[in-house]
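**Student:** Shown below is the structure under consideration.
Just so it is clear, none of the values below were taken in a lab; they were calculated from the coordinates. As the structure is a computational prediction, the values presented were derived from the model and not from experiment. All Cβ positions, even for glycine, are placed from backbone atoms using ideal geometry, and neighbour counts span all protein chains on display.
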Amino acid sequence: MLNFSGDKIRKVDVPDVGTIGSVTLALTIDAGSTTFRVLIPQVELRNQIGASAFICTDGITTVHRLSIVPSIWGSVSSTPCRILRARRLS
């Protein structure tokens, strides 16, 4: 199991959609990198600590490979829908 926190997690807020979270799973100087992205949709939670809602979202893993030719190629795969629980902490 991998754990990420702080500046290891990159996020971009997308109006009317939610937040895209991205982490680097593997990084090498000569071979490229592997990243994982997940969309966390906006949900409306009651204004109460502990309020929660279930969401379904997909993840995207991208393998970025470097080649001798000055171009980058790689592959993309999708992680099927996972049901997550969003919870208000404060």
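**Student:** Would you list Ser78, Ser33 from fewest to most Cβ contacts within 10 Å?
**Tutor:** Details: Ser78 9, Ser33 16.
Final ranking by Cβ density, sparse to dense: Ser78, Ser33.
**Student:** Using Cα pairs under 8 angstrom and six or more residues apart, how large is the relative contact order of region 8-63, in percent?
**Tutor:** Numbers: 87 pairs, mean separation 16.2, N = 56.
The normalised contact order for region 8-63 reaches 29 percent.
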